[in-house]
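Input: a single structure, listed below in structure tokens.
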Amino acid sequence: MVLNLKQLYRIAGERVEIKYQIEQDVLKEYNGYAFVSPVLVEGEAFNRTGIVYLNYSVSFRLCHNCDRCLKEFNRDYSFQFKHIVIKDAEKADDDEYVLSDGDKLDLDELVISDLLLQLPSKMLCKEDCKGLCGICGADLNVSECNCKRD
């Protein structure tokens, strides 16, 4: 979705509601992540005293393989994000700001970038996952094995 910011930049107090979803066919190009659901995006962009703010939340479901036991599982995620949107490239090097392309902002690109940065680097099916035995490969969450471990 491309957000048109022309009116937002010009009129203090202007608001634009955001509610849409990023479909799974768009999300397939992000290797390493199996989206089970579309990404639901809800929020608003508004101009407060000449500054354009973008606040939104995302919710979605991913399918993972546990990094310890290799079991497949689904997990729901929900994140909230806040940005200040600018069109002046001089300030764009600051991480606080999002640079728009003139009067347009590619929301899909921003949303996907934000949510991927929020995902944990290690995916576990549960916090106390015991993983697999390094000798026989038994799932230690299901049963203990008789292998001698140092």
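Just so you know, in the stretch 18-38 the residues that are of a type in the set (V, I, T) and outside any loop (DSSP other than H, G, I, E, B) include one that is farthest from V98 (Cα to Cα), and it is V26. In the stretch 105-124, which residues are part of a loop (DSSP other than H, G, I, E, B) and touching a Leu at 6+ places or on another chain (Cβ under 9 Å)? Answer for the stretch 105-124, where residues must be part of a loop (DSSP other than H, G, I, E, B) and touching a Leu at 6+ places or on another chain (Cβ under 9 Å): L119, M123. Taking the condition closer than 30 Å to K6 by Cβ and more than 19 Å from the chain's Cα centre (by Cα), does R48 pass? Against the criterion (closer than 30 Å to K6 by Cβ and more than 19 Å from the chain's Cα centre (by Cα)), R48 qualifies.
The residues of the stretch 9-19 that are within 20 Å of E109 (Cα to Cα) and either in contact (Cβ under 8 Å) with a residue 60 or more places away in the chain or among the acidic types (D, E) (or both), listed by number, are E17, I18.
When the criteria are applied in full, D106 meets the requirement of being closer than 20 Å to V39 by Cβ, modelled with pLDDT of 90 or more and not hydroxyl-bearing (S, T, Y).
If the condition is being surrounded by 13 or more Cβ atoms within 10 Å (Cβ to Cβ) and among the hydrophobic types (A, V, I, L, M, F, W, C), then the stretch 63-84 contributes C63, C66, C69, F73, F79, F81, I84. Restricting V41, V58, V52 to residues that are in contact with a helix residue (DSSP H, G or I) (Cβ under 9 Å, 6 or more places away or on another chain), at pLDDT below 95, closer than 22 Å to K104 by Cβ and in a strand (DSSP E or B) narrows the list to V52.
Checked against the criteria, R48 does not count as closer than 30 Å to A138 by Cβ and surrounded by fewer than 16 Cβ atoms within 10 Å (Cβ to Cβ). Inspection of the stretch 4-26 identifies no residue that is within 30 Å of L132 (Cβ to Cβ), within 14 Å of the chain's Cα centre (by Cα), at pLDDT 85 or above and surrounded by fewer than 16 Cβ atoms within 10 Å (Cβ to Cβ).
The values are calculated or read from the model by the stated rules, or taken from the named source; none is laboratory data. The model shown is predicted, which means the values in this text are computed figures rather than measured ones. Note that each Cβ is placed from the backbone with ideal geometry, even for glycine, and that neighbours are counted across all protein chains shown.
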